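Working notes, structure below.
The values are calculated or read from the model by the stated rules, or taken from the named source; none is laboratory data. Keep in mind that what you see is a predicted model, and the values were worked out from it rather than measured. Here the Cβ is made from the backbone with ideal geometry for all residues, glycine too, and neighbour counts use every protein chain on show.
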Amino acid sequence: MDTEQLISYGRARFEHAAAKRLLKEKYQGKLTFAHGGGMWQADPNTIIYLQLCNLDEVVLLDLYENPTKVNVYNLMTEMQQRWQEQMNAWLVEYEQLSKNR
């Protein structure tokens, strides 16, 4: 490989990594939502906790460390929907990015 090919390859890898970081930031922001007087971020750990919780209402700390009483079923449903929608959209964009590389 000559120098120009190495530079081109390095630049393409750097641009791909930067695009992946931007995609992650974009979708992390879309996972944040307001519910029941608090701000939440959909994530697998919270979804699993809510699924295992045998209570109708529970007090959880939101993103800003505020204790918030929430309906377990409603929060879990909204969190699952948001998580799945955003992961599907993220996958579509990621696959497009990988094809362009």
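Summary table
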{"read-out": "Unmet criterion (only one of (1) closer than 11 Å to Met76 by Cα; (2) touching a residue at least 60 places away in the same chain (Cβ under 8 Å)) for Ile48", "value": "(2)"}
{"read-out": "Some residue of the range 66-89 being at pLDDT 95 or above and in a loop (DSSP other than H, G, I, E, B)", "value": "yes"}
